Amino acid sequence: MNARLALRFESDGGRTRLHVDSQEPPWKVVRAFPQANGGSLVHLHNVSGGVLSGDRLSLDIKLEPGAKAQVTSTGATRLYRSRAGAADSRHCTTISVGEGALLEYLPDALIPFSGSRHVQGTSISMAAGATLFWWEVLAPGRLAAGERFAFERLRVESSVRVAGRLAFREDFSLAPRGRPLARTARMGQYTHMASFCAIQEGRPAALWRELEDKLNQMALHGHWGASMLASNGVMVRGLSTTGRGLPARLIDVWRVARRFLTGEEAVLPRKVY
């Protein structure tokens, strides 16, 4: 299935309005919910329940100057077993954050089921004065069903450009059958990986060092660490032996970073199903 969802957020008199420029099944957006800060909260639905082999899903998000948006999902992204001879499934996300705009992109976990093959690409561009808070969670599969890194392969490609300059780039490929992830040099005893990125254009390096220190001083269970990016941001990464507490830990990191960079409290996205 080839499907595209294109969302555009526009600032209008202090409120942010959503425009759905394209919406093809299985993508579905029902409505935008207003937030107290003038922003809009949007839930991404995949009405098929997951990503099937050969699927090509495209998500485009554009924030016009001054817009504020919080984008989340209604549940985990499930990657189903690939059929023999079928192409890898692919999910490509392109995000543009305009001048002075703020985006919180907070999707639920990515869960690759046994036998799945998938490529996930995310490309983000940010203009002057823009702000981004973004997290991702990778699970090992359906642990209750006895799956632990039973997928065939998973490739994740991510990049963020700020005012035309590359601030962050990551490209990794996991193939547990040939290169077991339980090795010490890879994930070792850990089964879940979480990433959090806070970027705001125009801030000095000293501010990012201060935020890095604050985040590293947090008492987070598991193996976590924060590091400055080359410019304009900080990255936090965590490893855990369980996914049960990961959302709460990411929320704690997000709250500290959001208060530090914007002076505002983080507001949890209301979930709808």
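The values are calculated or read from the model by the stated rules, or taken from the named source; none is laboratory data. Note that the structure is predicted; figures quoted are calculated from it, not measured. Glycine gets a Cβ as well: all are built from the backbone with ideal geometry, and neighbour counts include every protein chain shown. The area values use the complete protein model at the heavy-atom level, side chains included, leaving out ligands, DNA and RNA. Shrake-Rupley method; radii C 1.70, N 1.55, O 1.52, S 1.80 Å.
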Around Gly66, which amide H atoms from residues at least 5 apart in sequence, or from another chain, sit under 5 Å from its own amide H, with H modelled in the peptide plane? Glu99, Gly100, Ala101
How much length is gained on full extension from Asp252 to Ala163, taking 0.36 nm per residue of separation minus their Cα-Cα distance? 29.2 nm
Rg/Rh for segment 222-273 to two decimals, with Rh computed the Kirkwood way over all alpha-carbon pairs. 1.02
So, relative contact order of segment 41-108 in percent, Cα under 8 Å, 6 or more apart, is 47 percent
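How high is the relative contact order of the chain, given as a whole-number percent (alpha carbon pairs under 8 Å, six or more residues apart)? Please report the intermediate quantities before stating the final value.
Numbers: 698 pairs, mean separation 34.7, N = 273.
Contact order relative to length: 13 percent.
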The alpha-carbon center of segment 238-273 and that of segment 168-208 are separated, in whole Å, by 17 Å
Choose one of Thr191, Val47, Leu138: the residue whose Cα lies farthest towards the positive end of the charge dipole of the chain (beta-carbon charges +1 Lys, Arg; -1 Asp, Glu; about the Cα centre). Thr191
Give a residue-ordered list of calculated ³J(HN,Hα) values for segment 255-270 (Karplus: 6.51 cos²θ - 1.76 cosθ + 1.60, θ = phi - 60°; whole Hz; x for Gly, Pro). 4, 5, 5, 5, 5, 5, 8, 10, x, 10, 7, 6, 10, 4, x, 6
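Given C-alpha coordinates of segment 52-100, what is the ratio Rg to Rh with the Kirkwood estimate of Rh? Could you put the intermediate results ahead of the total?
Working: Rg = 15.2 Å, Rh = 13.2 Å.
Expressed as Rg/Rh, it is 1.15.
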If you look for lysine pairs in the chain that are eight or more places apart or on different chains, how many of them have Cα atoms under 24 Å apart? 5
Can you list which of the trypsin sites (Lys or Arg not before Pro) found in segment 49-146 are DSSP loop residues with at most 12 other C-beta atoms within 10 Å? Arg83
Taking the Cα centre of segment 77-214 as the origin and placing charges on Cβ (Lys, Arg +1; Asp, Glu -1), which of Ala101, Ser159, Ala182 is farthest toward the positive end of the dipole? Ala182
In Å², rounded to a whole number, the accessible area per residue of segment 118-273 with probe 1.4 Å is 49 Å²
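With r as the distance between the Cβ atoms of Asp213 and Ser22 and R0 = 35 Å, compute the FRET efficiency 1/(1 + (r/R0)^6) and round to 0.05. Intermediate values should be presented prior to the final figure.
Working: r = 43 Å, r/R0 = 1.23.
It comes out at approximately 0.25.
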Each label sits 7 Å from Cα toward the beta-carbon; between Ala128 and Glu264 the label points are separated, in nm, by 2.2 nm
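Please get the size of the charge dipole for the chain, origin at its Cα centre, with Cβ charges of +1 on Lys and Arg and -1 on Asp and Glu, quoted in debye to the nearest 20. If you can, show how the numbers build up before the last one.
Numbers: 36 positive and 24 negative charges, 168 e Å.
Here the chain has a charge dipole of around 800 debye.
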Please list 3J(HN,Hα) in residue order for segment 178-194, calculated via the Karplus relation 6.51 cos²θ - 1.76 cosθ + 1.60 where θ = phi - 60°; whole Hz, with x for glycine and proline. x, 9, x, 7, 6, 5, 4, 6, 10, 9, x, 6, 7, 10, 10, 10, 10
What translational diffusion coefficient, in µm²/s and rounded to a whole number, does the Stokes-Einstein relation yield for segment 101-193 at 25 °C and a viscosity of 0.890 mPa s, taking the hydrodynamic radius as the Kirkwood radius over Cα pairs? 165 µm²/s
With labels modelled as points extended 7 Å from the Cα through the Cβ direction, what inter-label distance (nm, one decimal) is found for Arg31 paired with Arg179? 4.8 nm
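Rounded to the nearest 5, what % of DSSP beta bridges with both residues in the chain are antiparallel?
Details: 44 of 98 bridges.
Bridges in the chain are about 45 percent antiparallel.
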Along principal axes, largest first, the alpha-carbon spread of segment 91-154 in whole Å comes out as 47, 19, 10
Under Karplus coefficients 6.51, -1.76 and 1.60, residue-wise ³J(HN,Hα) of segment 106-112 in Hz, glycine/proline x: 10, x, 6, 5, 9, 10, x
